[in-house]
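The structure appears right after this line, and notes come after that.
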Amino acid sequence: MEQPSAPSQAQAQPSDTAVLPRQRIEPPRPEPVIPMDPEWLASLQVMQPLYGKNLRPPSAVRGLVSLDNPEALAKFNVTLKVFAVVLPAAEVSTYFARLGKLHLNFPKRRNALPFPGDPQRRMIILFYAAPQDTPLVGEIPTPADEFIPQLPAGEMADSMRDLGASANLVVFGVQYTVDSWNLEEILTAVLPVDPPASFEQVGHVAHYNLRDEHLPYKTVVGQATMLKFPRLRTIVNKTHNIDNTFRFFQMELLAGDNDFNVEVKESGCIFRFDFSRVYFNSRLQQEHWRIIQGCPAPNVACDMMAGVGPFAIPIAKQKCVVYANDLNPVAFESLLVNAKANKVAHLVHASNQDGRKFVRDLAVRILASHLSGKPNPLPAFTQVMMNLPAIAVEFLDSFMGIFGEEAEAEARAQQPTSTLALGFRDVFKVLPVIHVYMFTNAENMAADAIARTSKHLRFPVDDHLVKVHDVRDVAPKKHMFCVSFRLPEQVAYANATEAASLSAVAQKRNHQESAATDADVVASSNAEDDAQNKRARLDDEQA
Ligand SMILES: C[S@@+](CC[C@H](N)C(=O)[O-])C[C@H]1O[C@@H](n2cnc3c(N)ncnc32)[C@H](O)[C@@H]1O
């Protein structure tokens, strides 16, 4: 790449240039329309704010409903007229100094461009677009008094008068095509309404939450997205709320292949799954990573609603044993595939059942495996993930008496011949930390999250809190929270009678409290849903 060097004192003397014979330079042939090359394009796009209105697709594209034909694409062509100084290659440095701030100057970029048809000369593009009605005059020998008054800025016109004998000013056209505009520019020009703000990407699939007013243009939105992001192969719109148990979307294909088998990289692992049949949200990446980092070996994780494994697989990659469960059989299959693909199948114990039953059965199985006396019994879990924010908090009742007398008796029943005097206290030496996710729209969100955790655990968690984390906003005034707390001994080891009395106390407390209940959150969400547009609703549900 050609880089102008800093002008030397000697080069900067006007007398150096004045000695060159002045000559008329013929306009470049055939037309002074210069085909766009990617490097120029990049430079010119950086200039966009300065070029203002000149730089946008022509108004003829407004209202297009499809981009699948050459005629439609040709409507995006426009010739941008720019000023440039053409000068002998040897004088580039001098002119960079002389033009001061008037020219494009990007570090590590070639700012002096080849002049078409003459290897001895260069062009320096100026920071000014010619008015669109300026004829493509080719080159104007400077000083061109009749032309200079048309220049848009006084400072530039003055500089042009002093250009010196060897330089010329040119107005040339730069051809913009549909390839030159970015997605936002295309959609802003085509749609008579504000374009969709953005799309989410999962592997090769882009998914939109289009508003009703976008629907007449959904095809063009899909096609433009494919055009500008060639790596995307499938563009969809989410059509229905997540109302199924497994939390995946109903989708409508807007453009590309009807193929939802994606591969995603997250937290240093590969995940393969059918995005049309399982839940996955790339916006949770940071939250996944937060929990993963807090769960190094020798922790043992238990993910009650594991999906395709964005907590489970990376935690196993940290050499931890992981118990991972999901009720969706397709998610369960993906868990197995992903454990294998990431070479952690020996550490991931996957299951496919309801989360409540899973965690209680697991506790019993762990104790039973210790009672068996066999080497390498199942290790006790130290951290539990519950990410099903719409209802996970309700699953906390499964921890009531999870290590109680009844559970111990069940484990013994599984190992009737065992003579080992082992109980849960010997195996679960430290009580696990539980991370439970929920949505809240209360005024005091953290307090609400804690109150609801306590309510469903049927025990106040205040003295057992590890962290209350505001994960993200999912709609205006509605956030996803994660309450992390250490399972209280009174809950874990409660026998049936104690469990019943804790439930009664909790019920009484809940009656007295006027704090937001789960029903409140759901009810007010519904009201919000009615009032808000579809996009906010779907965003919320996607969380
Ligand atoms: C919001 S997703 C979270 C998945 C994953 N943990 C993540 O962070 O991406 C909730 C998951 O819970 C699963 N699920 C729904 N009901 C369940 C239940 N009763 N027991 C276990 N899993 C359930 C769904 O299939 C879904 O994969």
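The values are calculated or read from the model by the stated rules, or taken from the named source; none is laboratory data. Remember, it's a predicted structure, so these values are computed and weren't measured experimentally. Here Cβ is always computed from backbone atoms with ideal geometry, including for glycine, and neighbour counts include all displayed protein chains. Keep in mind that these areas ignore ligands, DNA and RNA; they rest on the heavy atoms of the full protein, side chains included. Shrake-Rupley method; radii C 1.70, N 1.55, O 1.52, S 1.80 Å.
Worth a mention:
- Of the strands (runs of 3 or more DSSP E) entirely within segment 412-490, those holding at least 2 residues that are farther than 30 Å from ALA500 by Cβ occupy 465-475, 478-486.
- Check on VAL505, in a strand (DSSP E or B) and among the aliphatic types (A, V, I, L, M): no
For (1) without any contact (Cβ under 8 Å) to a residue 24 or more places away in the chain; (2) among the charged types (D, E, K, R); (3) within 28 Å of ARG290 (Cα to Cα), each residue gets a yes or a no:
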residue	(1), (2), (3)
ASP462	yes, yes, yes
HIS469	no, no, yes
HIS479	no, no, yes
PHE485	no, no, yes
ALA492	no, no, yes
ASN495	no, no, no
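- For segment 225-266, the set of residues classified as among the hydrophobic types (A, V, I, L, M, F, W, C), more than 17 Å from the chain's Cα centre (by Cα) and within 15 Å of the ligand (Cβ to nearest atom) consists of ILE242, PHE246, PHE248, PHE249, listed by residue number.
- Number of the exception - ASP158 against (1) in a strand (DSSP E or B); (2) modelled with pLDDT under 70: (1)
- Any hit, segment 358-366, residues being open to solvent by 20 Å² or more (accessible area, probe 1.4 Å), within 16 Å of the ligand (Cβ to nearest atom), touching a Phe, Trp or Tyr at 6+ places or on another chain (Cβ under 6 Å) and part of a helix (DSSP H, G or I): no
- Looking only at segment 460-516, and only at residues there that are among the β-branched types (Val, Ile, Thr) and open to solvent by less than 60 Å² (accessible area, probe 1.4 Å), the one that is modelled with the lowest pLDDT: VAL474
- Contact annotation: residue pairs with Cβ atoms under 9 Å, 6 or more positions apart or on different chains, pairing a residue in segment 329-341 that is among the aliphatic types (A, V, I, L, M) with a partner that is assigned to a helix (DSSP H, G or I), are LEU335/ALA312; LEU335/ILE313; ALA339/ALA312; ALA339/ILE313; ALA339/ALA316; ALA341/ILE313.
- In segment 267-284, the residue that is farthest from the ligand (Cβ to nearest atom) out of those that are charged (D, E, K, R) and in a strand (DSSP E or B) is ARG272.
- Scan of segment 285-300 for residues that are of a type in the set (A, V, I, L, M, F, W, C), open to solvent by 30 Å² or more (accessible area, probe 1.4 Å) and near the ligand (Cβ under 10 Å from one of its atoms), ordered by number: none
- Total residues in segment 301-323 satisfying the condition of being away from the ligand (no atom under 12 Å from the Cβ) and of a type in the set (Phe, Trp, Tyr): the figure is 1.
- Residue that is least open to solvent (accessible area, probe 1.4 Å) [pool: residues in segment 342-351 that are within 16 Å of the ligand (Cβ to nearest atom) and more than 29 Å from the chain's Cα centre (by Cα)]: SER351
- Taken together, the residues in segment 181-190 that are farther than 25 Å from ASN258 by Cβ and either surrounded by fewer than 19 Cβ atoms within 10 Å (Cβ to Cβ) or touching a Phe, Trp or Tyr at 6+ places or on another chain (Cβ under 7 Å) (or both) amount to 4.
- One residue stands out among those in segment 376-401 that are among the hydrophobic types (A, V, I, L, M, F, W, C) and away from the ligand (no atom under 16 Å from the Cβ): the one that is nearest to the chain's Cα centre (by Cα), which is ALA380.
- Residue within segment 209-225 that is modelled with pLDDT of 90 or more, assigned to a loop (DSSP other than H, G, I, E, B) and not hydrophobic (A, V, I, L, M, F, W, C) present: yes
- Just one of the numbered conditions (1) closer than 25 Å to HIS469 by Cα; (2) buried (at least 23 other Cβ atoms within 10 Å of the Cβ) is not true of PHE273: (1).
- Top-ranked residue in segment 324-341 [being more than 23 Å from PRO389 (Cα to Cα) and either at pLDDT below 95 or open to solvent by 10 Å² or more (accessible area, probe 1.4 Å) (or both); ranked as farthest from the ligand (Cβ to nearest atom)]: LYS340
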